[in-house]
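The structure appears below as structure tokens.
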């Protein structure tokens, strides 16, 4: 695309943004180094290109330097990087970013794709999902709609081999981007080497919302790998899924077509006996643009909290040229034993189809004697309001509970019905016809509308 067709304010924004990145790169490296006690950070930066599509460059090691700035003429730094990089050898991944846009409009140019440089591609972010032309969520960003072959399925149909990941690509500069995309991966332990091996071995999955455990095997070969064809055209395919809410369906795809579908929730018989499962807690609603500052504590009496999944959203800024009108949102979530605490700001949903609630899911184990205690206070319309309620866990079997902060159209709290763990897990064990160049992957949909996609397996 000719630079003259790019709006001048967009050109200026990107020049200023990349210059600011270069000025603050040493400080960025220092921040990553300081984070090492709490997480395992991997430094990254972006190349924007109308020719190849945008790429995120991810490094294994900390303290790396930015590429030298271009000195004039055509910038071929990304092209050279794609053509010469071996992700395993160089400890550097060139990850295609928001691939679904039209080629020439910052969507992927498959002719420049190299699997050695790019073991994984991003198929979901705040831009939407590029698994297929019909995937949800759709592309609604200012940059335009999805286009033709520039999807995961398009790349697979061209014979490319890659794993899949998700990213937030959020521009609000604050934590909390639930629903904008995330990556899951299988690794031997929680270390830099093991995580990097999971990425470069393509043992990854892309998700829109909650963390899910998802793995498929083709003839006992895990996702991200190839099965060597031996002449026997029928082989076993196994898939395993575990999530934080009810699974609507699990689908197995062969060469981009669904060949098997199961609905795990259809096979569970409701029971009054509470054992192990999940509860959702959500805070928000009320009049739009009306701020509420929440502090909440939830305690499980005579029960156990096994794990948590945060559903914390920052303020959505779709176009990087937009600026926040209400300051940064800094959600804070902690757990201590059988108690969790949340500090968060909500502002009401801006439209009837835009969810800006804040919350979390709890994996709990309990019985008919278990009780959920909720204490919440909210500063809304410059006044302090409080909620103090308790519910037997058994009362949440088949029903939810809703409490308003201060009457009609005030902010509210929702506690979901209890979801038995059996509804949130599923397995698939089938025999499939597998010939050379066939590609298989799994995708999962929850009753919340969340999605997860496995990296593919293929037949060599």
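Listing for the model above:
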quantity	calculated
Distant alpha-carbon pairs in the stretch 397-439 (separation over 11 angstrom), percent	78
Calculated FRET value between residue 275 and residue 229, using beta carbons and R₀ = 30 Å, to 0.05	0.10
FRET efficiency estimate (nearest 0.05) - Cβ-Cβ, residue 293 to residue 91, R0 56 angstrom	0.80
Residue 351-residue 255 pseudo-label distance in nm [points 7 Å out on the Cα-to-Cβ vector]	3.9
Gain in span if fully extended, residue 240 to residue 417, counting 0.36 nm per residue against the direct Cα distance	61.3 nm
Residue 191 paired with residue 76, simple spin-label distance in nm, labels 7 Å along Cα-to-beta-carbon	4.1
Rule-of-thumb Rg ratio for the stretch 31-173 [Cα; 2.2 N^0.38 Å; N residues]	1.05
222 nm mean residue ellipticity, helices alone, for the chain (DSSP H n ≥ 4; -39,500 (n - 2.57); rounded to 500)	-3000 deg cm²/dmol
Part-to-part distance (alpha-carbon centres) for the stretch 89-163 and the stretch 392-460, which is given in Å	25
Distance between the stretch 1-74 and the stretch 276-300 - C-alpha centres, whole angstrom	36
Label-point gap, in nm, between residue 68 and residue 302 - each point 7 angstrom along Cα→Cβ	7.2
Fraction of alpha-carbon pairs over 29 Å apart in the chain - percent	53
Alpha-carbon Debye profile of the stretch 276-417, log10 I(q)/I(0) at 0.13, 0.16, 0.21 Å⁻¹	-0.57, -0.83, -1.31
Cβ-Cβ FRET estimate between residue 375 and residue 33, R0 fixed at 35 Å, reported to 0.05	0.35
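Readers should treat all values here as calculations from the given coordinates under stated rules, not as data from a laboratory. Every value quoted in this text rests on a predicted model; they were computed, and no experiment measured them. A quick note on method: Cβ atoms are made from the backbone with ideal geometry, for glycine too, and the neighbour counts reach across all protein chains shown.
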